[in-house]
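The values are calculated or read from the model by the stated rules, or taken from the named source; none is laboratory data. All values derive from a computational prediction rather than experimental measurement. Note that each Cβ is placed from the backbone with ideal geometry, even for glycine, and that neighbours are counted across all protein chains shown.
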Amino acid sequence: MMAATTAILWGFLSIAMKVATEQVPVLTIVWFRFTFAFVVLALMVGLKDRKRLVILRKPPILLLVCALGLTLNYLGYLAGLHYTTPSNAQILIQTAPLMLAMVGIFLFKERLVKAQWLGVALSLSGFIFFAIDQRQGGIISSENFLSGNLFLIGGAITWVVYAAIAKYLGGIGHNPQDLNLVIYGLPAVTLWCLADFELLAAMDLKLWLLMIFLGANTLVAYGALGEAFKRLPAYQVSLIITLNPLITLAAMAVLQIFSPSWLPKDSVGMLGYGAALLVVGGVIQVLRKAPSAKTGVPQVEPSKPEGLKS
(Lines give C-alpha, C1' and ligand atoms only; values in the text may rest on other atoms or scores of the structure.)
Protein backbone atom coordinates (compact mmCIF):
# COMPACT_ATOMS: atom_id res chain seq x y z
CA MET A 1 0.00 0.00 0.00
CA MET A 2 2.88 2.38 0.77
CA ALA A 3 4.52 1.71 -2.60
CA ALA A 4 1.17 1.96 -4.41
CA THR A 5 0.58 5.37 -2.79
CA THR A 6 3.91 6.54 -4.17
CA ALA A 7 3.08 5.19 -7.64
CA ILE A 8 -0.27 7.00 -7.76
CA LEU A 9 1.15 10.31 -6.54
CA TRP A 10 4.04 10.11 -9.00
CA GLY A 11 1.58 9.27 -11.76
CA PHE A 12 -0.04 12.70 -11.43
CA LEU A 13 3.08 14.55 -10.34
CA SER A 14 4.65 14.95 -13.78
CA ILE A 15 1.50 16.62 -15.14
CA ALA A 16 1.38 19.12 -12.26
CA MET A 17 5.11 19.85 -12.53
CA LYS A 18 4.91 20.43 -16.27
CA VAL A 19 2.20 23.02 -15.64
CA ALA A 20 4.35 24.65 -12.95
CA THR A 21 7.49 24.84 -15.12
CA GLU A 22 5.60 27.03 -17.58
CA GLN A 23 5.54 29.79 -14.94
CA VAL A 24 8.13 28.98 -12.27
CA PRO A 25 11.88 28.28 -12.77
CA VAL A 26 13.05 24.71 -12.16
CA LEU A 27 15.38 25.61 -9.27
CA THR A 28 12.61 27.52 -7.50
CA ILE A 29 10.22 24.56 -7.80
CA VAL A 30 12.81 22.10 -6.48
CA TRP A 31 13.72 24.36 -3.55
CA PHE A 32 10.07 24.93 -2.64
CA ARG A 33 9.19 21.21 -2.74
CA PHE A 34 12.05 20.24 -0.46
CA THR A 35 11.52 23.18 1.91
CA PHE A 36 7.78 22.53 2.22
CA ALA A 37 8.37 18.84 2.89
CA PHE A 38 11.15 19.55 5.41
CA VAL A 39 9.22 22.11 7.42
CA VAL A 40 6.09 19.96 7.69
CA LEU A 41 8.02 16.77 8.49
CA ALA A 42 10.22 18.54 11.07
CA LEU A 43 7.12 19.84 12.84
CA MET A 44 5.53 16.39 12.82
CA VAL A 45 8.64 14.61 14.09
CA GLY A 46 9.47 17.35 16.62
CA LEU A 47 5.98 17.28 18.15
CA LYS A 48 6.13 13.49 18.43
CA ASP A 49 9.68 13.14 19.77
CA ARG A 50 12.04 16.10 19.74
CA LYS A 51 15.06 13.86 20.35
CA ARG A 52 14.71 12.46 16.84
CA LEU A 53 15.71 15.85 15.42
CA VAL A 54 19.28 15.20 16.65
CA ILE A 55 20.04 13.52 13.31
CA LEU A 56 20.14 17.02 11.79
CA ARG A 57 23.21 17.92 13.89
CA LYS A 58 25.53 15.19 12.65
CA PRO A 59 24.00 13.12 9.85
CA PRO A 60 25.90 10.09 8.49
CA ILE A 61 28.05 10.80 5.44
CA LEU A 62 26.10 8.21 3.45
CA LEU A 63 22.89 10.06 4.25
CA LEU A 64 24.32 13.28 2.84
CA VAL A 65 25.22 11.43 -0.36
CA CYS A 66 21.67 10.04 -0.41
CA ALA A 67 20.24 13.56 -0.09
CA LEU A 68 22.51 14.80 -2.87
CA GLY A 69 21.33 11.95 -5.08
CA LEU A 70 17.67 12.84 -4.64
CA THR A 71 18.39 16.54 -5.15
CA LEU A 72 20.11 15.87 -8.47
CA ASN A 73 17.27 13.50 -9.40
CA TYR A 74 14.73 16.29 -8.83
CA LEU A 75 16.76 18.74 -10.89
CA GLY A 76 17.40 16.29 -13.72
CA TYR A 77 13.82 15.05 -13.90
CA LEU A 78 12.28 18.52 -13.79
CA ALA A 79 14.69 19.86 -16.39
CA GLY A 80 13.94 16.89 -18.64
CA LEU A 81 10.22 17.40 -18.11
CA HIS A 82 10.55 21.09 -19.00
CA TYR A 83 12.18 20.25 -22.35
CA THR A 84 9.90 17.31 -23.23
CA THR A 85 6.44 16.09 -22.13
CA PRO A 86 4.91 14.35 -19.08
CA SER A 87 4.49 11.07 -20.98
CA ASN A 88 8.05 11.09 -22.32
CA ALA A 89 9.48 11.92 -18.90
CA GLN A 90 7.50 9.19 -17.17
CA ILE A 91 8.55 6.52 -19.65
CA LEU A 92 12.24 7.40 -19.78
CA ILE A 93 12.55 7.70 -16.00
CA GLN A 94 11.64 4.00 -15.88
CA THR A 95 15.31 3.38 -16.56
CA ALA A 96 15.70 4.17 -12.83
CA PRO A 97 13.99 1.11 -11.28
CA LEU A 98 15.53 -1.02 -14.02
CA MET A 99 19.00 0.28 -13.13
CA LEU A 100 18.25 -0.18 -9.41
CA ALA A 101 17.43 -3.85 -9.97
CA MET A 102 20.54 -4.32 -12.11
CA VAL A 103 22.74 -2.66 -9.47
CA GLY A 104 21.33 -5.02 -6.83
CA ILE A 105 21.94 -8.00 -9.07
CA PHE A 106 25.55 -7.15 -9.90
CA LEU A 107 26.33 -5.86 -6.40
CA PHE A 108 25.37 -9.23 -4.90
CA LYS A 109 26.89 -11.22 -7.79
CA GLU A 110 23.50 -12.47 -8.99
CA ARG A 111 23.24 -14.02 -12.43
CA LEU A 112 20.57 -12.88 -14.84
CA VAL A 113 18.23 -15.68 -15.87
CA LYS A 114 16.79 -15.86 -19.39
CA ALA A 115 13.50 -14.29 -18.28
CA GLN A 116 15.40 -11.25 -16.98
CA TRP A 117 17.36 -10.84 -20.21
CA LEU A 118 14.04 -11.00 -22.04
CA GLY A 119 12.72 -8.24 -19.78
CA VAL A 120 15.78 -6.09 -20.50
CA ALA A 121 15.30 -6.61 -24.24
CA LEU A 122 11.60 -5.74 -24.03
CA SER A 123 12.34 -2.56 -22.08
CA LEU A 124 15.06 -1.42 -24.47
CA SER A 125 12.76 -2.07 -27.43
CA GLY A 126 10.02 -0.11 -25.69
CA PHE A 127 12.31 2.87 -25.07
CA ILE A 128 13.32 2.92 -28.74
CA PHE A 129 9.77 2.65 -30.08
CA PHE A 130 8.51 5.29 -27.65
CA ALA A 131 11.27 7.67 -28.76
CA ILE A 132 10.23 7.11 -32.39
CA ASP A 133 6.61 7.83 -31.47
CA GLN A 134 7.57 11.05 -29.69
CA ARG A 135 9.62 12.28 -32.62
CA GLN A 136 6.74 11.51 -35.00
CA GLY A 137 4.41 13.50 -32.74
CA GLY A 138 6.22 16.68 -33.71
CA ILE A 139 5.62 18.43 -30.36
CA ILE A 140 9.24 18.29 -29.18
CA SER A 141 12.07 19.78 -31.26
CA SER A 142 15.12 17.61 -31.92
CA GLU A 143 17.32 19.81 -29.72
CA ASN A 144 14.89 19.81 -26.79
CA PHE A 145 14.27 16.07 -27.19
CA LEU A 146 17.98 15.27 -26.89
CA SER A 147 18.64 17.72 -24.04
CA GLY A 148 15.54 16.65 -22.13
CA ASN A 149 16.31 12.95 -22.43
CA LEU A 150 19.89 13.44 -21.26
CA PHE A 151 18.60 15.29 -18.19
CA LEU A 152 16.09 12.49 -17.54
CA ILE A 153 18.73 9.74 -17.78
CA GLY A 154 20.96 11.71 -15.42
CA GLY A 155 18.02 12.03 -13.02
CA ALA A 156 17.42 8.29 -13.23
CA ILE A 157 21.06 7.50 -12.36
CA THR A 158 21.06 9.79 -9.33
CA TRP A 159 17.72 8.31 -8.17
CA VAL A 160 19.39 4.89 -8.10
CA VAL A 161 22.09 6.33 -5.81
CA TYR A 162 19.39 7.75 -3.52
CA ALA A 163 17.26 4.59 -3.47
CA ALA A 164 20.15 2.17 -2.87
CA ILE A 165 21.51 4.18 0.06
CA ALA A 166 18.05 4.84 1.53
CA LYS A 167 17.31 1.11 1.39
CA TYR A 168 20.63 0.30 3.09
CA LEU A 169 20.21 2.89 5.87
CA GLY A 170 16.62 1.80 6.49
CA GLY A 171 17.78 -1.80 6.65
CA ILE A 172 20.27 -1.12 9.45
CA GLY A 173 17.67 0.38 11.74
CA HIS A 174 17.28 4.06 10.83
CA ASN A 175 13.72 5.42 10.89
CA PRO A 176 12.76 6.34 7.29
CA GLN A 177 11.21 9.65 8.34
CA ASP A 178 14.31 10.61 10.33
CA LEU A 179 16.35 9.99 7.20
CA ASN A 180 13.94 12.16 5.22
CA LEU A 181 14.60 15.07 7.58
CA VAL A 182 18.15 15.27 6.24
CA ILE A 183 17.19 14.28 2.68
CA TYR A 184 14.74 17.20 2.52
CA GLY A 185 16.74 19.57 4.70
CA LEU A 186 20.02 19.54 2.76
CA PRO A 187 18.56 20.83 -0.56
CA ALA A 188 16.28 23.23 1.34
CA VAL A 189 19.40 24.90 2.77
CA THR A 190 21.73 24.64 -0.22
CA LEU A 191 19.26 25.75 -2.91
CA TRP A 192 17.61 28.68 -1.12
CA CYS A 193 19.99 31.24 -2.66
CA LEU A 194 18.95 30.06 -6.14
CA ALA A 195 15.20 30.39 -5.57
CA ASP A 196 13.25 33.32 -7.07
CA PHE A 197 11.54 34.79 -4.00
CA GLU A 198 10.18 37.77 -5.91
CA LEU A 199 8.27 35.44 -8.19
CA LEU A 200 7.00 33.43 -5.22
CA ALA A 201 5.72 36.59 -3.57
CA ALA A 202 3.87 37.60 -6.76
CA MET A 203 2.16 34.24 -7.39
CA ASP A 204 -1.65 34.11 -7.45
CA LEU A 205 -3.76 31.69 -5.41
CA LYS A 206 -4.01 29.03 -8.16
CA LEU A 207 -0.25 28.88 -8.59
CA TRP A 208 0.27 28.75 -4.83
CA LEU A 209 -2.13 25.81 -4.57
CA LEU A 210 -0.22 24.05 -7.35
CA MET A 211 3.10 24.62 -5.58
CA ILE A 212 1.66 23.39 -2.28
CA PHE A 213 0.44 20.25 -4.05
CA LEU A 214 3.96 19.66 -5.37
CA GLY A 215 5.42 20.09 -1.88
CA ALA A 216 2.82 17.83 -0.28
CA ASN A 217 3.40 15.26 -3.01
CA THR A 218 7.09 15.16 -2.07
CA LEU A 219 6.29 14.73 1.62
CA VAL A 220 3.71 11.97 1.21
CA ALA A 221 5.23 10.10 -1.77
CA TYR A 222 8.75 9.85 -0.38
CA GLY A 223 7.47 9.28 3.14
CA ALA A 224 5.50 6.31 1.85
CA LEU A 225 8.46 5.16 -0.26
CA GLY A 226 10.74 5.16 2.79
CA GLU A 227 8.24 3.07 4.72
CA ALA A 228 7.93 0.69 1.76
CA PHE A 229 11.72 0.21 1.58
CA LYS A 230 11.68 -0.57 5.30
CA ARG A 231 9.20 -3.41 4.78
CA LEU A 232 10.09 -4.85 1.38
CA PRO A 233 13.20 -5.59 -0.68
CA ALA A 234 14.10 -2.73 -3.03
CA TYR A 235 13.21 -4.70 -6.16
CA GLN A 236 9.68 -5.40 -4.90
CA VAL A 237 9.11 -1.70 -4.19
CA SER A 238 10.43 -0.88 -7.67
CA LEU A 239 8.05 -3.46 -9.11
CA ILE A 240 5.04 -1.52 -7.81
CA ILE A 241 6.19 2.02 -8.56
CA THR A 242 7.01 0.96 -12.12
CA LEU A 243 3.29 1.21 -12.83
CA ASN A 244 3.20 5.00 -12.36
CA PRO A 245 3.84 5.92 -16.05
CA LEU A 246 0.69 4.03 -17.06
CA ILE A 247 -1.21 6.22 -14.59
CA THR A 248 0.28 9.33 -16.24
CA LEU A 249 -0.59 8.16 -19.76
CA ALA A 250 -4.14 7.28 -18.73
CA ALA A 251 -4.61 10.62 -16.94
CA MET A 252 -3.31 12.58 -19.95
CA ALA A 253 -5.59 10.65 -22.31
CA VAL A 254 -8.64 11.42 -20.18
CA LEU A 255 -7.73 15.08 -19.66
CA GLN A 256 -7.22 15.62 -23.39
CA ILE A 257 -10.87 14.75 -23.93
CA PHE A 258 -11.83 17.88 -21.98
CA SER A 259 -8.90 19.95 -23.35
CA PRO A 260 -8.46 22.32 -20.36
CA SER A 261 -6.41 25.43 -21.16
CA TRP A 262 -3.75 24.56 -18.56
CA LEU A 263 -3.10 21.05 -19.88
CA PRO A 264 0.50 20.69 -21.14
CA LYS A 265 1.03 19.63 -24.74
CA ASP A 266 1.52 15.92 -25.18
CA SER A 267 1.24 13.45 -28.02
CA VAL A 268 1.23 9.66 -27.73
CA GLY A 269 0.12 7.50 -30.66
CA MET A 270 -0.73 3.83 -30.78
CA LEU A 271 2.96 3.03 -31.25
CA GLY A 272 3.72 5.02 -28.10
CA TYR A 273 1.09 3.24 -25.99
CA GLY A 274 2.36 -0.12 -27.20
CA ALA A 275 5.93 0.94 -26.44
CA ALA A 276 4.91 2.05 -22.94
CA LEU A 277 3.48 -1.40 -22.26
CA LEU A 278 6.73 -2.94 -23.51
CA VAL A 279 8.77 -0.73 -21.17
CA VAL A 280 6.66 -1.40 -18.10
CA GLY A 281 6.22 -5.09 -18.90
CA GLY A 282 9.96 -5.50 -19.47
CA VAL A 283 10.89 -3.77 -16.22
CA ILE A 284 8.38 -5.90 -14.32
CA GLN A 285 9.83 -9.04 -15.93
CA VAL A 286 13.30 -8.07 -14.69
CA LEU A 287 12.16 -7.06 -11.22
CA ARG A 288 9.92 -9.98 -10.44
CA LYS A 289 12.78 -12.38 -11.15
CA ALA A 290 15.27 -10.22 -9.29
CA PRO A 291 17.35 -11.05 -6.17
CA SER A 292 16.79 -14.35 -4.42
CA ALA A 293 17.39 -15.08 -0.77
CA LYS A 294 21.09 -15.76 -1.31
CA THR A 295 21.71 -12.07 -2.06
CA GLY A 296 21.41 -11.26 1.61
CA VAL A 297 18.38 -9.05 0.94
CA PRO A 298 15.48 -10.26 3.10
CA GLN A 299 12.55 -11.62 1.14
CA VAL A 300 9.18 -10.63 2.54
CA GLU A 301 6.28 -12.95 1.86
CA PRO A 302 2.95 -11.14 2.33
CA SER A 303 0.72 -12.94 4.82
CA LYS A 304 -2.39 -14.53 3.37
CA PRO A 305 -5.92 -14.13 4.78
CA GLU A 306 -7.28 -16.90 6.99
CA GLY A 307 -8.66 -19.71 4.87
CA LEU A 308 -6.16 -19.16 2.03
CA LYS A 309 -2.92 -20.03 3.85
CA SER A 310 -2.91 -23.54 2.46
Output the residues belonging to region 151-183 that are surrounded by 22 or more Cβ atoms within 10 Å (Cβ to Cβ) and closer than 19 Å to S87 by Cβ. F151, L152, G155, A156, W159
Just checking, does region 223-234 include any residue being touching a residue at least 24 places away in the same chain (Cβ under 8 Å) and under 17 Å from L78 (Cα atoms)? no
Looking only at helices (runs of 4 or more DSSP H) that lie completely in region 132-233, which have at least 3 residues being at pLDDT below 90? 142-171, 176-190, 205-231
Out of I55, I8, sole residue that is under 13 Å from the mean Cα position of the chain (by Cα) and either surrounded by fewer than 20 Cβ atoms within 10 Å (Cβ to Cβ) or part of a loop (DSSP other than H, G, I, E, B) (or both): I8
Report yes if G148 is crowded, with 20+ Cβ neighbours inside 10 Å, at negative phi and not charged (D, E, K, R), otherwise no. yes
Residue in region 2-24 that is among the hydrophobic types (A, V, I, L, M, F, W, C) and free of Cβ contacts under 8 Å to residues at least 60 places away in the same chain present: no
Selection from region 12-41 of residues over 21 Å from L68 (Cβ atoms) and of a type in the set (S, T, N, Q) yields S14, T21, Q23
Only one of these conditions is not met by G126: (1) under 16 Å from V286 (Cβ atoms); (2) surrounded by fewer than 18 Cβ atoms within 10 Å (Cβ to Cβ); (3) among the small types (G, A, S). Which number is it? (2)
